[in-house]
Each structure stands twice: as C-alpha cells, then as structure tokens.
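Working notes, beginning with the structure itself.
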Amino acid sequence: MARREWILRGTAAAGSASALVIPFSIRYAAFIPLLPVYSSSAMLAVALILARPYLTYRAD
C-alpha cells in the first residue's frame, strides 16, 4: 500500500473515531442526532474504497 493511502486512512479514522467516541463516552447515543456522523463515516469508507486504485498507483 502506498504511503499516502496510509496517511489518508489514518486521518480519516482519527476524524471519524473522535466524532463517534465522544458522544458515546458521555452516553449520548441517540440515532437521529448522530445520523450525520454515521452517514459521513459511510461516505468516507466508500470514498476510500473508490480512491484506492489512484492512491496505490505507482508509475514505475
């Protein structure tokens, strides 16, 4: 895997995790108010999957 893919995955995971961990740590788990967080995490996962060929391309 290319280095830039790892960097992108790491920053994406950090952003998504903080948006999900903080509400659950204060025991706030209502579905509807957290729907934007869930949907953005899903869109981020799809974007990383679709961008993988570009991110791992090596012009040797």
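Numbers below:
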quantity	calculated
Residue count for segment 39-57, restricted to those that are open to solvent by 60 Å² or more (accessible area, probe 1.4 Å) and assigned to a loop (DSSP other than H, G, I, E, B)	1
Given (1) surrounded by 11 or more Cβ atoms within 10 Å (Cβ to Cβ); (2) under 9 Å from the mean Cα position of the chain (by Cα); (3) at pLDDT 85 or above, index of the condition Arg9 fails	(3)
Residues located in segment 21-38, provided they are part of a helix (DSSP H, G or I) and open to solvent by 50 Å² or more (accessible area, probe 1.4 Å)	Val21, Ile22, Phe24, Ser25, Leu35, Pro36, Tyr38
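The values are calculated or read from the model by the stated rules, or taken from the named source; none is laboratory data. As the structure is a prediction and not an experimental result, all values here were calculated from the model. Virtual Cβ from ideal backbone geometry, glycine too; neighbours counted across all protein chains shown. To get the accessible areas, we keep the full protein, side chains included, count just its heavy atoms, and leave off ligands, DNA and RNA. Shrake-Rupley method; radii C 1.70, N 1.55, O 1.52, S 1.80 Å.
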